[in-house]
1. Does residue 62 meet the test of being modelled with pLDDT under 95 and farther than 21 Å from residue 171 by Cβ?
2. Can you pull out the strands (runs of 3 or more DSSP E) entirely within segment 20-105 that have at least 1 residues that are more than 23 Å from residue 145 (Cα to Cα)?
3. Are there any pairs, at least 6 apart or on different chains, whose C-beta atoms fall under 6 Å, with the first in segment 74-91 and over 19 Å from residue 102 (Cβ atoms) and the second crowded, with 16+ Cβ neighbours inside 10 Å and modelled with pLDDT of 95 or more, and if so, which?
4. Could you list, in sequence order, the residues of segment 260-294 that are surrounded by 15 or more Cβ atoms within 10 Å (Cβ to Cβ) and more than 21 Å from residue 245 (Cβ to Cβ)?
5. Scan segment 80-103 and tell me whether some residue there is under 27 Å from residue 46 (Cβ atoms) and touching a strand residue (DSSP E or B) at 6+ places or on another chain (Cβ under 7 Å).
6. Restricting attention to segment 171-195, which residues are closer than 20 Å to residue 122 by Cα and either in contact (Cβ under 8 Å) with a residue 12 or more places away in the chain or surrounded by 16 or more Cβ atoms within 10 Å (Cβ to Cβ) (or both)?
7. Just checking, which of 198, 216 is surrounded by fewer than 18 Cβ atoms within 10 Å (Cβ to Cβ) and within 30 Å of residue 5 (Cα to Cα)?
């Protein structure tokens, strides 16, 4: 669905996107991740035809984004981070207007209006002025606009930006439903959202790709340290020193006493599991414990490791 080869964008002497090469297969839900200034939005603007690449090439559903720009753009439903809406138009008027711009007319346009308002939960507000809508409903209008011409590829740039937790959950559920019928590329800072909806992740930093794989594979290959949480009855002064002496233990954090139980985080070497050694130490020292929990790595850990500057 998307094939980018050595995609590059320079603004004067500053290279915002540097030789990006990646693919997105039909039916994929891809999380496009990176810190602020990494080049995510610039890449999306090149893919959607808003700006041309300085070098390199990309195709959307087989159409070159420069040589066959119109055909490529017809395959895309794009919702930018700041959704451009005509606030003095009613929801149904705006979507009808946008549908006409995208080449729809007659009964087809009428059917698509009904479909996208149903999909995006807009029927109850279809006669309201856009300026009276909440941020969450405005995002839904933006999604409906992106969907009205039935694109094969949906590209969403920070779709949950500025929303409250309830609105985020609602938009996330909507994106999951939409992903059942089309390819979706989501650029976002909310890594937990990506873990819930994406089957592939592309991480970029300073204009270059740092990783592109399934979330589970990235987590499994993580080189960073893991940790084990230990809860003991009462505070044990010797615990940090004895835990630190165990094989593969890097450091021990003491979180203090709460309701009679003390929590220690035992940071261990990557790829090791120290729970058996910790349990043996507890039995040896006659420490009463109620929890020995291994902290699994997350996509956030992967992101931090790949993009940290130290």
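The values are calculated or read from the model by the stated rules, or taken from the named source; none is laboratory data. Note that the structure is a prediction, hence the values are computed from the model and not measured. For neighbour counting, all protein chains shown are included, and Cβ atoms are generated from backbone atoms with ideal geometry for every residue, glycine included.
1. Here the answer is yes, as residue 62 does meet what is asked.
2. 29-33, 55-60
3. That search, which allows pairs on different chains as well, returns 87/130.
4. Passing the criteria: only 261.
5. yes
6. Within segment 171-195, 171, 172, 174, 175, 176, 177, 178, 179 qualify.
7. The match here is 216.
This table checks each residue for (1) touching a helix residue (DSSP H, G or I) at 6+ places or on another chain (Cβ under 8 Å); (2) over 25 Å from residue 24 (Cα atoms).
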{"site": "35", "(1), (2)": "yes, no"}
{"site": "53", "(1), (2)": "yes, no"}
{"site": "57", "(1), (2)": "no, no"}
{"site": "65", "(1), (2)": "yes, no"}
{"site": "77", "(1), (2)": "yes, no"}
{"site": "85", "(1), (2)": "yes, yes"}
{"site": "93", "(1), (2)": "no, yes"}
{"site": "100", "(1), (2)": "yes, yes"}
{"site": "104", "(1), (2)": "yes, yes"}
